[in-house]
Amino acid sequence: MLLLNLNYWTNGGAPAPMRAKTKYMDFKVGGQRFYAMINPDGQERWAIQKYISITPKTNFKMYNSFADKDENPELPGSVWDYTFSEQNGKTIVSITIFNESFERMEKLLEGFKIGFTITLKNLEDLLAALPQNV
């Protein structure tokens, strides 16, 4: 199974033309990441990721919520469940996002679809640039 540098994808993999800036990250159960997505005009949109569970090489879950620059969360947030598996020599990444209500999900979908599609394209480009025998 190909092990990715998740720092590239979750930190440097902001959807273009935006970029991500991580203030701190402690990738362990109970740890968290505090980061901002920065648009080309310099506006920052902060968020907190709290790591709920980590199973090396196969899964991690986190609670994600927007926040202000002083780390005060804007509730509610969402639970993200990342699962990594191997299929025919390729790594499959499955991401399930749980929201507390349909209304919350609808609110997030507007910008999410475009941004996440671009983020996955960044990951695809990264994988294409890696040697094929890794």
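Considering (1) touching a residue at least 60 places away in the same chain (Cβ under 8 Å); (2) outside any strand (DSSP E or B); (3) more than 22 Å from Asp26 (Cα to Cα), the lone condition that Thr119 does not fulfil carries the number (3). Within region 51-64, residues that are polar (S, T, N, Q) have Cβ atoms under 8 Å from residues that are assigned to a loop (DSSP other than H, G, I, E, B) in these pairs: Ser53/Val29, counting only partners at least 6 apart in sequence or on another chain.
Could you tell me whether Tyr63 is in contact with a Lys or Arg (Cβ under 6 Å, 6 or more places away or on another chain) and more than 30 Å from Pro131 (Cβ to Cβ)? Please lay out each step first, then the result.
Working: in contact with a Lys or Arg (Cβ under 6 Å, 6 or more places away or on another chain): yes; more than 30 Å from Pro131 (Cβ to Cβ): yes.
Answer is yes for this residue.
All of (1) modelled with pLDDT of 95 or more; (2) within 22 Å of Glu106 (Cβ to Cβ); (3) surrounded by fewer than 16 Cβ atoms within 10 Å (Cβ to Cβ) hold for Asn59 with one exception: (2). Each residue in region 47-56 was checked for being closer than 24 Å to Ile92 by Cα and surrounded by 15 or more Cβ atoms within 10 Å (Cβ to Cβ), and 4 pass. Going through (1) surrounded by fewer than 14 Cβ atoms within 10 Å (Cβ to Cβ); (2) among the basic types (Lys, Arg); (3) under 26 Å from Glu124 (Cβ atoms); (4) touching a strand residue (DSSP E or B) at 6+ places or on another chain (Cβ under 7 Å) one by one, Lys69 falls short only on (3). Here Asn59 clears all of (1) over 22 Å from Arg33 (Cα atoms); (2) in contact with a strand residue (DSSP E or B) (Cβ under 7 Å, 6 or more places away or on another chain) except the condition numbered (1).
Against the definition (within 20 Å of the chain's Cα centre (by Cα) and modelled with pLDDT of 75 or more), how does Ile114 come out, yes or no? Give the steps one after another, and end with the answer.
Values: within 20 Å of the chain's Cα centre (by Cα): yes; modelled with pLDDT of 75 or more: no.
Answer is no for this residue.
Report the residue count in region 92-111 for those that are at pLDDT 80 or above and within 17 Å of the chain's Cα centre (by Cα). Going through region 92-111 one residue at a time, the tally reaches 8. Contact map, region 30-46: first residue within 23 Å of Met62 (Cβ to Cβ) and crowded, with 18+ Cβ neighbours inside 10 Å, second residue of a type in the set (Gly, Ala, Ser) and modelled with pLDDT of 90 or more, Cβ cut-off under 7 Å, separation 6 or more or different chains; pairs are Tyr35/Ala47; Trp46/Ala36; Trp46/Ala67.
The values are calculated or read from the model by the stated rules, or taken from the named source; none is laboratory data. These figures come from a predicted structure and were not determined experimentally. A quick note on method: Cβ atoms are made from the backbone with ideal geometry, for glycine too, and the neighbour counts reach across all protein chains shown.
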